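Asker: Quick one: structure below, then a few questions.
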Amino acid sequence: MNTIVKTTTELYRVFDMLNARYYDGHLPHPMITIQKSRANSLGHFTLYKAWKKTEEKDGEENSLYEININPVNLNRPASGIVSTLHHEMVHYLNKLNDVKDCNGQKHNKKFKALAESVGLICEKSDKYGWGFTSPDAELLSFIEESIKPDPEAFEYFRVSSAKKEAKPREKKTFEYRCPKCGLAVKAKINKAIKCGSCNVDLIMEK
């Protein structure tokens, strides 16, 4: 099994366990993706059904919501990744119940109420409202003792950008000094400069 399949498969397994324990199995499978999103984002939930079947069929579900996990942040403890998925599942259930839980990026008290009821601790910030979440003791115990995330599923993370090796700056000007009077001037390399007072060539200092 290749790495991305292993990671996605594990996320669906975790989703199913969280769904059964905290949501009574009410959440249909979304499309779980692993793709870069906003730089500081751990994940996101789309408020519309972002995935459509190429060929729609009557009597079947032909579109899916999306939960995304940002691969840049997969280098966290597995419990943190599970908590991010759980956070997005709160948005998912609120959407299915027509509950608006965000005002822009600010997570409001409706988000906080549901999040806390499923084991997430909410912290408030000016920019994201109640959007910073972490597992409470009961949820953390469930993650560690029941879910038991597979560490091999999260052994890779995406580097946000390739760091270019800094090239040493080339010296463009050099100092030339008169060996008699000490007169100093700056000029490009290999210039013939004569001291007007001493009538001798200046020596380039390296």
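Asker: Just the residues that are farther than 16 Å from residue 23 by Cβ and among the hydroxyl-bearing types (Ser, Thr, Tyr), please, taken from region 89-132.
Answerer: Across region 89-132, the qualifying residues are 125, 128.
Asker: How do the pairs read when you match residues in region 57-73 that are more than 20 Å from residue 11 (Cα to Cα) with residues anywhere that are at pLDDT 85 or above and surrounded by 12 or more Cβ atoms within 10 Å (Cβ to Cβ), using Cβ under 9 Å and keeping only pairs 6 or more apart or on different chains?
Answerer: Correct list of pairs: 62/49.
Asker: Of all residues in region 142-152, how many are part of a helix (DSSP H, G or I) and under 13 Å from residue 83 (Cβ atoms)?
Answerer: 4
Asker: Might you let me know whether region 55-65 holds any residue that is within 23 Å of residue 152 (Cα to Cα), of a type outside the set (A, V, I, L, M, F, W, C), in contact with a Ser or Thr (Cβ under 8 Å, 6 or more places away or on another chain) and surrounded by 14 or more Cβ atoms within 10 Å (Cβ to Cβ)?
Answerer: no
Asker: Can residue 84 be described as under 22 Å from the mean Cα position of the chain (by Cα), surrounded by fewer than 20 Cβ atoms within 10 Å (Cβ to Cβ) and outside any loop (DSSP other than H, G, I, E, B)?
Answerer: Considered against the rule, which asks whether it is under 22 Å from the mean Cα position of the chain (by Cα), surrounded by fewer than 20 Cβ atoms within 10 Å (Cβ to Cβ) and outside any loop (DSSP other than H, G, I, E, B), residue 84 comes out as no.
Asker: Additional query: If we keep just the residues of region 1-32 that are at pLDDT 95 or above and among the hydroxyl-bearing types (Ser, Thr, Tyr), which is nearest to residue 141 (Cα to Cα)?
Answerer: Looking at the filtered set, the residue picked out is 22.
Asker: Of the residues 190, 199, which single one is at pLDDT 85 or above, farther than 30 Å from residue 8 by Cβ and surrounded by fewer than 10 Cβ atoms within 10 Å (Cβ to Cβ)?
Answerer: Matching residue, one of 190, 199: 199.
Every residue, every condition in (1) at pLDDT 95 or above; (2) closer than 21 Å to residue 124 by Cα, yes or no:
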{"position": "55", "(1), (2)": "no, no"}
{"position": "67", "(1), (2)": "yes, no"}
{"position": "72", "(1), (2)": "no, no"}
{"position": "75", "(1), (2)": "no, no"}
{"position": "85", "(1), (2)": "yes, yes"}
{"position": "95", "(1), (2)": "yes, no"}
{"position": "102", "(1), (2)": "yes, yes"}
{"position": "107", "(1), (2)": "yes, yes"}
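Asker: Could I ask something else about it? Could you list, in sequence order, all residues of region 22-68 that are of a type in the set (Val, Ile, Thr), under 22 Å from the mean Cα position of the chain (by Cα) and not in a strand (DSSP E or B)?
Answerer: Selection gives 46 alone.
Asker: Another one. Being at negative phi and surrounded by 14 or more Cβ atoms within 10 Å (Cβ to Cβ) narrows it down to one of 96, 18, so name that one.
Answerer: Just a single option satisfies the conditions, and that option is 18.
The values are calculated or read from the model by the stated rules, or taken from the named source; none is laboratory data. All values reported here derive from a predicted model rather than from experimental measurement. Positions of Cβ are generated from backbone atoms using ideal geometry, with glycine treated the same way; all protein chains shown enter the neighbour counts.
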